[in-house]
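Report on one structure; see the data block that follows.
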Amino acid sequence: METNPPSRERYRAAMLLSAAGDALGYRNQLWEYCKSGPQIHAELQELGGLGRVRVALPDWPLSDDTVLHLATAESLGTGKLQGALYMELASRYVSAMSDMEGRKPGPTSILGTSQLRPGEPGGYRIPFNPSATGCGAAMRAMCIGLRFPRPSDLPQLVAVSVESGKMTHNHPTGYLGSLASALFTALSVQGVPLELWGCRLLEATPLALKYVQSTETDPGQHEQDWGYFQESWKRYLSERGLSQGLGPAAFPAAYGAAERDVEYNKWSLDGWPGRSGHDAPMIAYDALLGGGASWEELCSRSMFHGGDSDSTGVIAGCCWGARYGLSGVPQGNYTELEYRHRLESAADALHTLAWGGAE
């Protein structure tokens, strides 16, 4: 059975709260580079708490995460598919790099976009990069799940998330993060129970491998480095008691800001939680499992932790918005967002393409 059409407002909420999660986790560079969740929580209380935060310029700009997420969304919004879409994505990713003043783009994204050649045959492909394990592909892929939200859309979701991810992060740990973010957003739209998401991701990764094997002239390097992402997720699901997709998730008895910093660090590849393709969606997923329908709790877990907190926040915010809408979210957290009009316009275009005229 196909998914019932979600409201246009939920699509707008997904894009807006993704950007809000980015801006909150970033806090104009102050919190993205803070290694202490308890310190961030203390500084938030000094601001009067989440409900008093007005996410607006100049204090709360968007980071590179949302600028690149918008590039993905606006490319998808053209309605192009396959090679034409991939060329559009490459072109917009290159253009987006001119809007990075004060937004701190990652070095792998900078390198990858510099290697793209929009308009040339095969110009959306770059060489395999053994160090491209970061979260730069994951943080901009959520809207792919808004464009291809149905269960029957999975082959397209896999192809587009892998191809878009490889444009900067041509390594399985990097571009499988793109698949995770896109898939989790689609599962949010579908209303699939959260406890099943990790298993669904592990079921989708073999499809991604087959896609890579069928499109790469030399897939050997991809196959060699494929296992880390899957094994990391298997360990995480085992820790949470979700290996079979049956809940509820099992969290540590003490799991406040300090304990989460320790736990998130255990999952990281390089000691910076949320910086990699496997653990940025993992932390977002953990926050969604623990936060439930509470926006404040979601923010506490996904945006206010030591590490790459804007990249985990941008993923969690999108999935939460697609699932719950704007209910219970302080208006100041999203009504004055930088690029709000573009975010809403992109959401509307994706909704129309995915669902036609359904409201």
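Here are the numbers:
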| item | result |
| --- | --- |
| For the chain, size of Cβ-based charge dipole, Lys and Arg +1, Asp and Glu -1, in debye | 360 debye |
| Cα lying deepest toward the dipole's positive end in the chain, options Leu194, Leu68, Pro130, charges on Cβ | Leu194 |
| More than 39 Å apart - percent of Cα-Cα pairs taken over the stretch 8-355 | 5 percent |
| Most positive-pole-ward Cα, Ala316, Ala204, His278, against dipole of the chain from beta carbon charges | Ala204 |
| Pairs beyond 31 Å (Cα-Cα), from Lys166/Lys234; Lys104/Lys266; Lys80/Lys266; Lys210/Lys234 | Lys80/Lys266 |
| Exposed trypsin sites (Lys or Arg not before Pro) absent - longest run of the chain, DSSP non-H/G/I/E/B, at most 16 other C-beta within 10 Å | 81-359 |
| Residues Cys199, Cys135, sorted so that the one with the fewest Cβ neighbours within 10 Å comes first | Cys199, Cys135 |
| Net charge over other residues, Cβ less than 13 angstrom from the Cβ of Leu187 (K, R count +1; D, E count -1) | 0 |
| The stretch 8-355 - percent relative contact order, Cα under 8 Å, separation 6 or more | 32 percent |
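No value in this document is a laboratory result; all are computed from the given coordinates. What you are looking at is a predicted structure, and each value in this text was computed from that prediction instead of being measured. For neighbour counting, all protein chains shown are included, and Cβ atoms are generated from backbone atoms with ideal geometry for every residue, glycine included.
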